[in-house]
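To start, the structure under review is shown below, and the notes come after it.
All of the numbers you see were taken from the coordinates with simple rules; none came from a lab. Small disclaimer: the values here were computed from a predicted structure and weren't measured. With ideal geometry, Cβ positions are generated from the backbone for all residues, glycine too; neighbour counts draw on all protein chains shown.
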Amino acid sequence: MPQPSFTRPYRGVFPVVPSIFDESGKLDLEGQLRAVDFMIDAGSDGLCILANFSEQFVLTDDEREVIMQKVLDHVAARVPVIVTTTHFATHICAERSRRAQDAGAAMVMIMPPYHGATIRVSEKGIYEFYRAVSDAIDIPIMIQDAPVAGTPLSAPVLARMAQEIPNVAYFKIEVPGAAAKLRELLALGGDAIEGPWDGEEAITLMADLDAGGTGAMTGGAYADGIRQIIDPYAAGRREDAMQAYERWLPLINYENRQCGLLACKALMKEGGVIRSDTARLPLQPIHPDTRKGLIELARRLDPLVLRWG
């Protein structure tokens, strides 16, 4: 498939698309595409699929392929789509990344190789891992620096990879002290850092923007709310951005601290975007009282997700 043409650097709000299942836990492809349409209508500058908040760890390889192809075909280059291709094995990650590129992905997002709580790869191994994936593709790589991997990735190491590995250009920083790390990364990496991005549902978004962040990868339910923060900030209206951050932070915090990846689908079901907010076992559903609190906070803000359906 010819690669779509998008303006780089990519900036703005690129929320994670949830994987939609029916009540029995099977893929709901109709619901999947409705979720994508809603997220674009809500103002997403781009999308990310098959991430951790997409429950990528409960999908078979065949299901990953189906979701990737269906979503990329359906989006039809309306917005750039990032495909998460994380895998421990270098050659499998490279093959996944090449298939994503061939299907029309604008970028791939990859965590450093890890397995469980203790199996880690040396700094040299991590460098060679990303170099091999870069050699296999022509689109940008976003390194996801997140606590779930348990892999230390210092700012000097990240900056070196950006400077020496051609396609390593974007960084989703969602570790404690993210703003300080973004600031150091930009100071060390200079122009090689095409995309310093915020993650973790945008809970530290204002600090990360002040540190030089230019993008946010958030949960998928309210890109319209995150845009209210990022757009004025990018236009130089920091006070307006701060006021919007103050309005949306209680909901962001509730998603991050109380509901996690289940928040997005709960809000989408409440608003009629999808029929079921089922998560695959062993993940457990949100407690009814927790769900009630999430909806209560969201209704105060009137996000599109509660009206789109």
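Tabulated data for the structure shown
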item: Selection from segment 255-308 of residues that are within 24 Å of Ser24 (Cβ to Cβ), more than 20 Å from the chain's Cα centre (by Cα) and loosely packed, with under 15 Cβ neighbours inside 10 Å; result: Gly272, Leu281, Pro282, Gln284, Pro285, His287, Pro288
item: Neighbours by Cβ (under 7 Å, 6+ apart or cross-chain): first from segment 281-309, touching a residue at least 12 places away in the same chain (Cβ under 8 Å); second aromatic (Phe, Trp, Tyr) and in a loop (DSSP other than H, G, I, E, B); result: Pro303/Tyr222; Val305/Tyr222
item: Any hit, segment 213-221, residues being farther than 20 Å from Tyr10 by Cβ and either aliphatic (A, V, I, L, M) or surrounded by fewer than 22 Cβ atoms within 10 Å (Cβ to Cβ) (or both); result: yes
item: Phe6 aromatic (Phe, Trp, Tyr), in a helix (DSSP H, G or I) and either in contact with a strand residue (DSSP E or B) (Cβ under 8 Å, 6 or more places away or on another chain) or over 17 Å from Ala202 (Cβ atoms) (or both); result: no
item: Selected residue (only one of Tyr245, Tyr254, Tyr222 is in contact with a Phe, Trp or Tyr (Cβ under 8 Å, 6 or more places away or on another chain) and closer than 28 Å to Ser19 by Cα); result: Tyr222
item: Exclusive hit being among the aromatic types (Phe, Trp, Tyr) and touching a residue at least 40 places away in the same chain (Cβ under 8 Å), set Tyr114, Tyr170; result: Tyr170
item: Unmet requirement for Ala89, which otherwise passes all of (1) aliphatic (A, V, I, L, M); (2) under 19 Å from the mean Cα position of the chain (by Cα); (3) closer than 17 Å to Ile110 by Cα; (4) surrounded by fewer than 22 Cβ atoms within 10 Å (Cβ to Cβ); result: (2)
